[in-house]
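The values are calculated or read from the model by the stated rules, or taken from the named source; none is laboratory data. Just so it is clear, the model here is predicted, and its values are computed rather than measured. Every residue, glycine as well, gets a Cβ built from its backbone with ideal geometry; the counts of neighbours run over all protein chains shown. The area values use the complete protein model at the heavy-atom level, side chains included, leaving out ligands, DNA and RNA. Shrake-Rupley method; radii C 1.70, N 1.55, O 1.52, S 1.80 Å.
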Amino acid sequence: MGRKYFGTDGVRGRVGQMPITPDFIMRLGFAAGAALVAREGLRAGERPAVLIGKDTRISGYMLEAALEAGFSAAGVDVMLCGPMPTPAVAYLTRALRLQAGVVISASHNPFDDNGIKFFSAQGTKLPDIVELDIEARLEQPMACMESAKLGKARRVDDAAGRYIEFCKSTFPNDLDLRGLKIVVDSAHGAAYHVAPNVFHELGAEIVGVGGTPNGLNINKDVGATAPATLRRTVLETGADCGIALDGDGDRLVMVDAAGTLYDGDQLLYVIARHRAQNQPVSGVAGTLMSNLGFEHAMARLGIAVGRAKVGDRYVLEMMKEKGWLLGGENSGHIICLDRHTTGDGIIAALQVLAALRATGETLAEACADLTLYPQKLINVRMPAGFDWAADEGIRTAVKAAEATLDGGGRVLLRPSGTEPLLRVMVEGRDASVVLAQAEAIVGAVRRAFGE
């Protein structure tokens, strides 16, 4: 059964347009609450409780109120923690023994998008069966519990402090960050009041970037998706390294003292390489977008690489299926299951820094045996309902590119899970060939769309 509202990462869209409207979000809260009430084995008079967190988008105020109303109408108590990173909500849901967690965020998207993500009581993404149950309930009329059974709401005042301590607990007790100057770019997002404190309390001197959200500037020219600001600040301040998160704090890129940018593949390699120096690492979960050079470097370490569909939920599914502890995407979502139940930009950065502090290496030295192949990704806006996979012109262009690469690279076309885009990726050993073949395929795509 296909989903009508849930994508790979919850419900997402442009604010004011379906499904991100106040009335729909209230119905979503009610449907999710009703599903919780039906599934939880509660004692008489006991109500399930959920945690609601958000990033710094101005629309978060409106959507938070709508969700709270929906959950209350379904007889579910609500705990509000305000702006908090997505992985913080996952942790706090588990730590507070709640029945579910909800995050109001559109991650790395512009401020006028927003979305709703759900976490289970275990701090993981909701199982498919629960999402389908919620969708089925959305098709039914919204009701309301009698007054005596309505849910209550209260604020969690110490949420940030709890999460800061949790993040610090994932860093080795015998190490610290003293003597390091680190630029921390919070993307004017949910981690603005958390991330700098974590690294500072471990001993680092912090230079803050992207730490003054105003509701409209989340991800704008800062953060993991716009690392030029991080790179410039590292060079201007003479910092040892830089850390950039995205709007909801689950994505990470880093910059070294020379201004070199390191993506998710490289950072995951640093973590896996260090772990393998101390204990066997049987495998790491990547995605279809993981660089071929990453796979080859991991093979030299004797570590298998699996390729899941793009999306951290699919990476996590593969990790659990294979019993692996490490996984991630080249976009910067990195999951360390022995540290947290979900991807976490702050915790991933701490694992990278722990590896560097333990070995005394720089990022460049830690990545010396990893050479990423040139990779070109071009996004093409895709008309709704267009069957790109069946278009003969596109298929011919892909076959021609694969013939040109002659086994020395890859071609991947995939639709975005969150935007109306077709992502065209070509990878190979020669950058000029990669670019030419990517542009040729994009030309075929645009002709197919009638442009």
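Label-point separation (nm) for ALA358 and ASP391, each offset 7 Å from Cα along Cα-to-Cβ?
4.8
Kindly flag which residue pairs out of LYS168/LYS320; LYS4/LYS309; LYS149/LYS320 have an alpha-carbon separation exceeding 31 Å in this structure. Don't jump to the answer; show the numbers that get you there.
Values: LYS168/LYS320 25 Å; LYS4/LYS309 20 Å; LYS149/LYS320 38 Å.
With Cα atoms farther than 31 Å apart: LYS149/LYS320.
Can you give the calculated 222 nm mean residue ellipticity of the chain, where each DSSP H run of n ≥ 4 adds -39,500 (n - 2.57) and the sum is split over every residue, rounded to the nearest 500 deg cm²/dmol?
On the way: 14 runs with 168 residues, N = 451.
Value at 222 nm, helices only: -11500 deg cm²/dmol.
Just check the stretch 52-142 against the gyration tensor rule for me: Cα atoms, a ≥ b ≥ c as the square roots of the eigenvalues, rounded for a/c under 1.5, and otherwise prolate or oblate depending on whether a/b exceeds b/c. Mind showing how you got there, number by number?
Numbers: a/c = 1.40, a/b = 1.14, b/c = 1.23.
Here the stretch 52-142 falls in the rounded category.
Report the gain in length on full extension from GLN140 to ALA436: 0.36 nm times residue separation, minus Cα-Cα distance, nm rounded to one decimal. Mind dumping the intermediate values first?
Values: separation 296, 0.36 × 296 = 106.56 nm, distance 5.13 nm.
Computed gain between GLN140 and ALA436 is 101.4 nm.
Students often forget the sequence filter, so: which lysines lie under 18 Å Cα-Cα from LYS220 once same-chain residues fewer than 8 apart are removed?
Within the straight-line limit of under 18 Å, LYS220 reaches these lysines: LYS54.
Roughly how far apart, in whole Å, are the Cα centres of the stretch 66-112 and the stretch 370-386?
Taking the Cα centre of each part, the stretch 66-112 and the stretch 370-386 sit 32 Å apart.
Could you report the stretch 283-415's accessible area per residue, 1.4 Å probe, as an integer in Å²? Please list the in-between numbers first.
Numbers: 5470 Å² over 133 residues.
On a per-residue basis, the stretch 283-415 sits at 41 Å².
How large is ³J(HN,Hα) for each residue in the stretch 85-97, as worked out from phi by the Karplus curve 6.51 cos²θ - 1.76 cosθ + 1.60 (θ = phi - 60°), to whole Hz, x for Gly and Pro?
Each residue's phi maps through the Karplus curve to give x, 3, x, 5, 5, 4, 5, 5, 4, 6, 5, 8, 6 Hz.
Ignoring ligands, DNA and RNA, what percent of the 1.4 Å accessible area of the stretch 136-200 is carbon and sulfur?
48
Rounded, prolate or oblate, given the Cα gyration tensor of the stretch 218-299, with a/c below 1.5 counting as rounded? Mind dumping the intermediate values first?
Working: a/c = 2.38, a/b = 1.71, b/c = 1.39.
Here the stretch 218-299 falls in the prolate category.
Which percent, to the nearest 5, of DSSP beta bridges fully inside the chain are antiparallel? Present the calculation step by step, with values, prior to reporting the outcome.
Values: 35 of 65 bridges.
For the chain, the DSSP antiparallel bridge percentage is about 55.
Taking all protein chains in place and a 1.4 Å probe, what share, in percent, of the accessible surface of the stretch 46-111 do carbon and sulfur account for? Please report the intermediate quantities before stating the final value.
Values: 920 of 1570 Å².
In the stretch 46-111, the share of accessible area belonging to carbon and sulfur is 58 percent.
Multiply the residue separation of ILE129 and ARG429 by 0.36 nm, subtract the distance between their alpha-carbon atoms, and state the gained length in nm to one decimal. Before the final figure, lay out the partial values.
Values: separation 300, 0.36 × 300 = 108.00 nm, distance 4.27 nm.
Here the segment from ILE129 to ARG429 would lengthen by 103.7 nm.
Subtract the Cα-Cα distance of ARG381 and SER147 from 0.36 nm times their separation in residues, and report this length gain in nm to one decimal.
Numbers: separation 234, 0.36 × 234 = 84.24 nm, distance 4.79 nm.
Length difference between fully extended and current span is 79.4 nm.
Among bridges DSSP assigns within the stretch 68-201, what percent are antiparallel (round to 5)?
So the antiparallel bridges in the stretch 68-201 amount to around 65 percent.
Roughly to the nearest percent, how much of the accessible area of the stretch 347-443 is carbon and sulfur, given a 1.4 Å probe? Could you put the intermediate results ahead of the total?
Values: 2330 of 4490 Å².
The computed percentage sits at 52.
Pull up all non-local amide H partners of VAL207: gap of 5 or more, or a different chain, and H-to-H distance under 5 Å with H placed in the peptide plane.
For VAL207, the qualifying residues are ILE182, VAL183, VAL184.
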